Every structure is written in structure tokens, then in C-alpha cells.
Amino acid sequence: METKQHDQIVSALNKAYNMELETVINYLANSVHLDGVRAEQIRKSLETEIQDEMGHAQQLAHRLKVLDAEIPGSIALKMEQKSLQPPQDSTDVISVIKGVIQAEEDAIAHYTDIIKMCEGVDYVTQDLIINLLGDEEEHRRLFRGYLTEYERVKH
């Protein structure tokens with residue numbers, strides 16, 4: 001693999017690692033922050049998703065290590081998930097669901113880019129990212145279902 005391609009892949013993996021860790025932080029915050037009977041299922045789902053997203057971050061960190069890249073510590077991370085911040089109203093379940101969907105869509109878009117970037121260059125990274133992409137698509141589908149149900153009940 002050429003140095004330029006290696007550096008691009010490492011940079012993209014670093015961003016993915018950052019995104020996964022930020023998602024863990026925000027899922028944790030929202031899983032504790034939400035109140036109300038209607039929030040119970042979402043809290044439980046977020047608690048489960050925390051483990052999945054942390055597993056993704058661990059896999060990305062291991063791949064970075066194999067590629068002889070540094071694994072970013074907290075100071076190197078950049079937090080950007082505005083849509084997934086805990087809402088002021090702790091019973092605003094719909095805004096949290098929409099934030100989760102946005103985070104999943106952002107991950108899906110980024111992983112799709114990495115898959116294309118790795119084509120013909122780094123099949124091991126590509127395989128890892130294809131598997132992570134499938135997980136993120138499933139998470140998005142789950143929360144789209146929640147959104148449909150919660151919006152229906154709201155009206």
C-alpha cells in the first residue's frame with residue numbers, strides 16, 4: 001500500500017474511531033437522562049447499543065494498531081454530534097431517537113466512503129468496515145421503527 005493511501009485510510013479510521021466513541025458517550029448520557037414511561041424501551045435500547053458501539057471502537061483501534069498507526073487518546077478526539085445531545089426536556093424521546101438515526105446515518109456514510117477507499121488496496125480494513133456498516137444499518141432500522149411508532153402515538 002502506498003504511503004498516501006495508507007495515510008488516507010488511517011485518517012478515515014481515526015475519524016470512525018472518534019465517531020464511535022462520541023456515540024458511546026451520547027448514548028450513555030441519553031440512556032440515563034431520559035425520563036418517563038415512554039422512554040423505557042429507548043433507554044434499554046441505548047444501553048445495549050453502547051456495548052455494540054464500544055465494540056466497534058475497539059475493533060477500529062485494533063485495526064489502527066495493525067496498520068502501525070497511533071490510537072487517539074481523549075485530547076485528540078473532536079466531538080461534533082450536535083443532534084445527539086441530551087434534550088433539555090428529559091421526556092423528549094423523539095428528539096433522542098432522531099439523534100440516534102442521524103448518528104447512524106453519519107456512520108453509514110463514513111463507512112461507505114472507507115469501503116470505497118479500501119477497494120483494491122486494503123481488503124482486511126474493507127472487510128472490517130463492511131461488517132461495521134451492516135451493524136450500523138441494523139441500528140438505524142431499529143430506531144426508524146421506534147420513530148414511526150413514537151410519532152404515531154404522539155398524534
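The values are calculated or read from the model by the stated rules, or taken from the named source; none is laboratory data. Note that the coordinates shown come from a computational prediction; the quantities given were computed from them, not determined experimentally. Every residue, glycine among them, receives a Cβ derived from its backbone with ideal geometry; neighbour counts consider all protein chains shown. These area figures cover heavy atoms from the full protein model, side chains too; ligands, DNA and RNA do not enter into them. Shrake-Rupley method; radii C 1.70, N 1.55, O 1.52, S 1.80 Å.
Against the numbered list (1) closer than 17 Å to Asn18 by Cβ; (2) in contact with a helix residue (DSSP H, G or I) (Cβ under 8 Å, 6 or more places away or on another chain); (3) open to solvent by 50 Å² or more (accessible area, probe 1.4 Å); (4) of a type in the set (A, V, I, L, M, F, W, C), Val153 comes up short only at (1). The conditions of being modelled with pLDDT of 95 or more, crowded, with 17+ Cβ neighbours inside 10 Å and not charged (D, E, K, R) are not met by His62. Inspection of the stretch 12-20 finds no residue satisfying the criterion of being exposed (fewer than 13 other Cβ atoms within 10 Å of the Cβ) and at pLDDT 95 or above.
Say we look at the stretch 65-90 and pick out the residues that are part of a loop (DSSP other than H, G, I, E, B), touching a helix residue (DSSP H, G or I) at 6+ places or on another chain (Cβ under 8 Å) and small (Gly, Ala, Ser); which of these is surrounded by the most Cβ atoms within 10 Å (Cβ to Cβ)? Selected residue: Ala69. Taking the listed residues Ile101, Ile114, Ile130, the one that is buried (at least 22 other Cβ atoms within 10 Å of the Cβ), among the aliphatic types (A, V, I, L, M) and in a helix (DSSP H, G or I) is Ile114, with no other qualifying.
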